[in-house]
Every structure is written in structure tokens, then in C-alpha cells.
1. Can you name the condition, by its number, that B:Tyr64 falls short on among (1) within 14 Å of the chain's Cα centre (by Cα); (2) closer than 30 Å to A:Thr125 by Cα?
2. Inside region B:37-48, can you point out the residues that are out of contact with any Leu (no Cβ under 8 Å at 6 or more places or on another chain) and crowded, with 17+ Cβ neighbours inside 10 Å?
3. Of all residues in region B:9-30 being of a type outside the set (Gly, Ala, Ser) and more than 12 Å from DNA strand D (Cβ to nearest atom), which is surrounded by the fewest Cβ atoms within 10 Å (Cβ to Cβ)?
4. Could you tell me whether region B:120-135 includes any residue that is more than 10 Å from chain A (Cβ to nearest Cβ) and free of Cβ contacts under 8 Å to residues at least 60 places away in the same chain?
5. Any idea how many residues of region A:26-40 are among the hydrophobic types (A, V, I, L, M, F, W, C), away from DNA strand C (no atom under 14 Å from the Cβ) and part of a helix (DSSP H, G or I)?
6. Considering only region B:41-64, I want to know if a residue exists there that is within 14 Å of chain A (Cβ to nearest Cβ), at pLDDT 90 or above and away from DNA strand C (no atom under 12 Å from the Cβ).
7. Could you check, for region A:67-75, whether at least one of its residues is of a type in the set (Val, Ile, Thr), surrounded by fewer than 14 Cβ atoms within 10 Å (Cβ to Cβ) and either within 14 Å of chain B (Cβ to nearest Cβ) or in contact with a helix residue (DSSP H, G or I) (Cβ under 6 Å, 6 or more places away or on another chain) (or both)?
8. Considering only region A:81-98, state which residues are more than 11 Å from chain B (Cβ to nearest Cβ) and either closer than 13 Å to A:Glu130 by Cβ or modelled with pLDDT of 85 or more (or both).
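The values are calculated or read from the model by the stated rules, or taken from the named source; none is laboratory data. As the structure is a computational prediction, the values presented were derived from the model and not from experiment. Here the Cβ positions follow ideal geometry from the backbone for every residue, glycine too, while neighbour counts run over all protein chains shown.
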2 protein chains.
Amino acid sequence: MRQNIFRQFLEERGQRLTKERNAVLQKAFSCKGHFDPESLYMEMRKKGVKASRASVYRTLNLLYECGLVEKVRQTEHGTIYEHSLGGQHHDHMICLECGEIIEFYSERLEKLQEEICQERNFKGTNHTLEIRGYCRHCQTKITVPEGDGSHG
Amino acid sequence: MRQNIFRQFLEERGQRLTKERNAVLQKAFSCKGHFDPESLYMEMRKKGVKASRASVYRTLNLLYECGLVEKVRQTEHGTIYEHSLGGQHHDHMICLECGEIIEFYSERLEKLQEEICQERNFKGTNHTLEIRGYCRHCQTKITVPEGDGSHG
DNA sequence: ATAAATGCAAATCGTTTGCAACGGA
DNA sequence: TCCGTTGCAAACGATTTGCATTTAT
């Protein structure tokens, strides 16, 4: 269970699993998909869970260090996280029109990346793939700027 | 030539290719690999090229908008760019030990991504793949810290 | 002449940090 | 009790922006 993972991680470093840290942990794992520190903090406030913004940031860093959360991507407006337990590794498609983030997973893709790493003598531990473009809904909405029909 | 691309882009928007903008353009393209706004600015200063930090940022944004530079990745310490002309599209491997960034390109990978997009009805326009791990040099150096069995 | 661009410094904004008060082992 | 932790607010650092001045066209 993640609490134990976190607790053990902290103990190894002589740190404690406080209620604030636990609250952040729970909240982070309650998120279905992605989240950012600020909304996490705000939601905690809304629900009356006491933890300062500073503690949220501090705890998120700890969770990141022990691998319980991942940084999905860093935008100009901050870091987006997601928790990394139970959920299979996956990559993302991001719609440039509506901002939707679509998660996907491809075994072939994973395999291919391993091959590529081997070929280059690189020991890959993890990766992030972000495909930008237009989701099925927005493709139709778009008034294609320049003629299409066939694309390379 | 990139100057013309930039000039035309600007003209279409009723903007001008000033010497400051041109200086940033030249400097950006003089960079072999990646660069960040601050170092670009500092190097320009060092060489006596007059352009304020603000102009560097403003111009970089313009260059980004017209596709002459790409954002390679956003770190906690800022945005890393690279110019995108002449150079084929490529992805990156990042060594967690020494920080080296290795560029690579795989036709198979590109193809596979297209397939994945088609399968999901997503119209991909571009992507970023970042494989993190250890480069050939650092693999050997690593004294596996507390390497215990499980890793994600 | 006119509209755009510049430089500067102040403003933003996400995130971190110093410090005094606090609290669990 | 002893440290680690918290919350606050100030500090930070990258980037943006308001504005008066400068500069192309």
C-alpha cells in the first residue's frame, strides 16, 4: 500500500509521515488523472483538510523522490503530476485545440524504444512521449488553414 | 533562408524585422544544439550585440510561433530551445547522471506513432519523446546506490 | 508622421525557503 | 525532550508587461 511505501521511504531518511503529508498523499491518489499542486491545495482547503501550500509542494517533492508520483509535463504555468501506482505506464496525446489529454499505451512502442536504447547503448529507465495534435472532436471543428487531403 | 522566413512571418503580421530580432535569430541559429534564453542573452552581451533580455524573450517567442525554433523541454529552471531548420526532427535521450542530451531519430518510431494516432483517431502534428536513463559512459560508472530488486 | 519596437524596471506566478512555533517518536 | 515539520510570508528566478522613448517605413 502506498502509505507504507511512503512511510518506509521517509523512515529511511529519518523523516516522519505526518498527517499533512498523508493528506497530500491521499489527495494525490484520489485524483483520477493529472493534477497540479495548486488545485490539489485548493481542493484540500475546500474539504477542510489543513495543509499549507508549502507543505503541498514539499510533500509532492517527496512523493516524486520516492516514485509515487510522476511529473507528466512542465508547462509554462507549472508542473503537472500524476500518481504512478496501479496505473500502467502510459503516454499522452494532447489536443492543441481543446487541451484534452488522452492517455494511451502501446506495447509495440515500448518495445521499440527498448530496441532503440539497446542500439545506442543507452540504459533507459523511463520516458515521456507527448504527441500533440487534434483529438477526434476537434479535427472536424478545425477550419483547416491550408489545403489538405493528403498529408505526409 | 531563415531570415526570409522570419521576415515574411513578421510582415504578414505587420511586424518588422529589426536588428535586435535579427540578432536573436542569428544567435539562435549559431547554436549547435540546445540553448536557453539567458545564455543566449549573455552571449549576445559578451559579443557586444545590443538587445535587451526582454527583446530576447520576445523574439524567441516569435521564432517559436513561426516554427523556427522549438521548445526542447521545460525544466524547473527554464525553457530549453533548439532551432529547427536543416536539422531533421529528432528525439532525445537524457542521461540522469551527467545530464548529456543525446539526439536520435528512428524512422520506425515515427511510423509507429503515426499508426498509433490513426488507431485512436488522433491527428498528430508533432511530438516530443524523452527517454531518461544512463548514457554509455555513466552506465559503467554507476555504483548502483541501493539497487534492490523492484523498479518501475 | 505613425505605428511598432526597444529597454528598463516593476509585476507575475509557480515554487522554494528562513524562521519561530508546534508536535510526534 | 528532541528533531523534524508546519505555516507564513518573504525570497526566488524565469518570463512578461507597462510605459516612455526610439526607430523604421
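1. Of (1) within 14 Å of the chain's Cα centre (by Cα); (2) closer than 30 Å to A:Thr125 by Cα, only one is false for B:Tyr64: (2).
2. B:Tyr41, B:Met44
3. Result: B:Glu12.
4. No, the conditions are met nowhere in region B:120-135.
5. Number satisfying all stated conditions: 1.
6. yes
7. yes
8. Those that are more than 11 Å from chain B (Cβ to nearest Cβ) and either closer than 13 Å to A:Glu130 by Cβ or modelled with pLDDT of 85 or more (or both): A:Tyr81, A:Glu82, A:His83, A:His90.
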